[in-house]
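Undergrad: Next up is a structure, given as structure tokens.
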Amino acid sequence: MKKIQMVDLKGQYEKIKETVNNSIQEVLDTNTYINGPQVSTLQKNLEQYLDVKHVIPCANGTDALQIAMMGLDLKPGDEVITADFTFAATVEVIALLQLTPVLVDVEIDSFNISIDAIKKAITPKTKAIVPVHLFGQAANMEAIMALAKEHNLYVIEDNAQAIGANYTFADGSKKKVGTMGHVASTSFFPSKNLGCYGDGGAIFTNDDKLAHQLRGIVNHGMYVRYHHDVVGVNSRLDSIQAAVLNAKLPNLDTYNTERRAAANKYNIALSGHKNIVVPSFDLNGDDHVFHQYTLRIIDADRDALMQHLQSKEIPCAIYYPIPLHSQKAYLDSRYKEEDFPVTNQLVKEVISLPMHTELDDDQIKFITDSVLEFFN
């Protein structure tokens, strides 16, 4: 059995090596390292794939989220509601822009932002909601968009972990996550479902005016060289990373299907154990693309399980060990522990197992046998 990786980027690369290398070589041959033709090609390819009017590539996923907020012209002190159980970048950019983060609890089954918690958090100062499609599963966008419409709020989708997933509306229609809010961000960090070989990100929107604003912001506020029309930043996706993404994008649906298949094998092996709660998803559906495969460990020592797996050279991780409302940088007297019962529970229970496109049956069996061995 080959060595188990948390994310096997080398194995994935070997299957598309010639395509990736040729794509990178085009950049080296043309010497167009910034805003080269590969970047505009990626923009068009993503617009077509997502069925969204505008894709604005940028330097990384955190920049994408920050620039999306800058484009909406939010003002210092405006309140922005987002999930307490997620990576810090989501709240980080809110604070950097001198907006007021409002952290709320999540749902126990999906780990995504709680609709009831959003409703309770809305005030006259609320200007935006940032749902995070956590671990690759679509948040409840229909309910979120209805709330936003009722209260005249922006919706900024944090799609760093779920590119390629679909959201199914009550009427059966579907849309790609990242295309339903007013604007969305994504990350192309190497370990993402669609990852480049460095940092990269993009912003999505169907709003023509907003797209124009965003294109200026990512490039020092310029639309014409040396004419600075808006306050901007330096956040451009380089051509080599765009070349890698152009090579990988045609495989994204296959990658996501492979991840769902691996998740299903995990579920079959681990379902029904009294101490294990497996992710719930429809194998034939497409609302979950499993950026992470995350278990909840009930009435047992999660940290001891982690040590047990590591002793067998099985990588695993805890996403996330500390709620954002408890992080030193984001402490706020407004937050009460009783407002975060689910998040406070999840940080003690969750553990993520290896999840990537190269997992084989022998590896999955060894991983699941090792998990069950711990409890038995």
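The values are calculated or read from the model by the stated rules, or taken from the named source; none is laboratory data. All values derive from a computational prediction rather than experimental measurement. As a convention, Cβ positions derive from the backbone with ideal geometry for all residues, glycine included, and neighbour counts pool all protein chains shown. SASA here: full protein model, heavy atoms, side chains in, ligands and nucleic acids out. Shrake-Rupley method; radii C 1.70, N 1.55, O 1.52, S 1.80 Å.
Undergrad: In whole angstrom, note down how far apart the Cα centers of segment 156-183 and segment 94-115 are.
TA: 17
Undergrad: Once the Cα gyration tensor of segment 1-85 is found, what semi-axes does its equivalent ellipsoid get, as square roots of 5 times the eigenvalues, in whole Å, sorted largest first?
TA: Details: eigenvalues 206, 102, 31 Å².
Its equivalent ellipsoid spans semi-axes of 32, 23, 12 Å.
Undergrad: Just need the relative contact order of the chain here, percent rounded to a whole number, with Cα pairs under 8 Å and 6+ apart.
TA: Numbers: 755 pairs, mean separation 81.2, N = 376.
Relative contact order, the chain: 22 percent.
Undergrad: Let me know the whole percent of all Cα-Cα pairs from segment 103-245 that are separated by more than 18 Å.
TA: Working: 6333 of 10153 pairs.
For segment 103-245, the share of Cα pairs beyond 18 Å comes to 62 percent.
Undergrad: Can you tell me the length gained on complete extension of the stretch Arg334 to Lys15, counting 0.36 nm per residue apart and subtracting the Cα distance?
TA: Stretched out fully, the Arg334 to Lys15 stretch lengthens by 109.8 nm.
Undergrad: While we're here: Between segment 298-342 and segment 21-92, what is the C-alpha centre distance in whole Å?
TA: 29
Undergrad: At 1.4 Å probe size, what's the solvent-accessible area of Glu26? Round to the nearest 10 Å².
TA: Counting only protein heavy atoms, Glu26 exposes about 100 Å² to solvent.
Undergrad: Starting at 0 and stepping by 10 Å, how many percent of the alpha carbon pairs of segment 281-368 end up in each bin?
TA: Result, from short to long distances: 14, 37, 32, 15, 3 percent.
Undergrad: A further question follows. Quick check on the chain: of the DSSP beta bridges with both residues there, what percent are antiparallel, nearest 5%? Don't skip to the answer; put the middle values down first.
TA: Numbers: 25 of 40 bridges.
Around 60 percent antiparallel, to the nearest 5.
Undergrad: Can you run the Rg to Rh ratio on the chain? Use alpha carbon positions and the Kirkwood inverse-distance Rh.
TA: Working: Rg = 20.7 Å, Rh = 21.4 Å.
A ratio of 0.97.
Undergrad: Would you mind getting the Kirkwood hydrodynamic radius of segment 35-111 from its Cα pairs, rounded to one decimal in Å? Don't skip to the answer; put the middle values down first.
TA: Values: mean 1/r = 0.0691 Å⁻¹.
Answer for segment 35-111: a Kirkwood hydrodynamic radius of 14.5 Å.
Undergrad: Here's something else I'd like to know. Taking only protein heavy atoms into account and a 1.4 Å probe, give the accessible area per residue of segment 263-327 in Å². All intermediate terms of the calculation are to be shown ahead of the outcome.
TA: Numbers: 2960 Å² over 65 residues.
Heavy-atom SASA per residue in segment 263-327 reads 46 Å².
Undergrad: How large is Rg/Rh for segment 226-376, to two decimals, with Cα atoms and a Kirkwood Rh? Walk me through the intermediate numbers first.
TA: Working: Rg = 19.8 Å, Rh = 18.4 Å.
Radius of gyration over Kirkwood radius for segment 226-376 works out to 1.08.
Undergrad: On the full set of protein chains, 1.4 Å probe, figure out the accessible area of His288 and give it in Å² to the nearest 10.
TA: 10
Undergrad: log10 I(q)/I(0), Debye, Cα-only segment 11-52, no solvent, q = 0.23, 0.26 Å⁻¹?
TA: -0.86, -0.90
Undergrad: With a point put 7 Å past each Cα toward its Cβ, work out how far Phe169 is from Gln5 in nm, to one decimal.
TA: 4.0
Undergrad: Run through the DSSP bridge list for segment 123-204 and note the antiparallel percent, rounded to the nearest 5. Numbers along the way, then the final one.
TA: Values: 7 of 13 bridges.
Close to 55 percent.
Undergrad: Taking all protein chains as present, what is the carbon and sulfur share of the accessible area of the chain, in % to the nearest whole number, probe 1.4 Å? Display every interim value, and only then the final one.
TA: Working: 8150 of 16500 Å².
The C+S portion of the solvent-accessible surface of the chain is 49 percent.
Undergrad: From the P(r) of segment 1-160, could you give the percentage of C-alpha pairs in the tail past 24 Å? Before the final figure, lay out each step's value.
TA: Details: 6129 of 12720 pairs.
Tail of P(r) above 24 Å: 48 percent of Cα pairs.
Undergrad: Alpha carbons only, please: Rg and Dmax for segment 318-376, in angstrom.
TA: 16.9, 50
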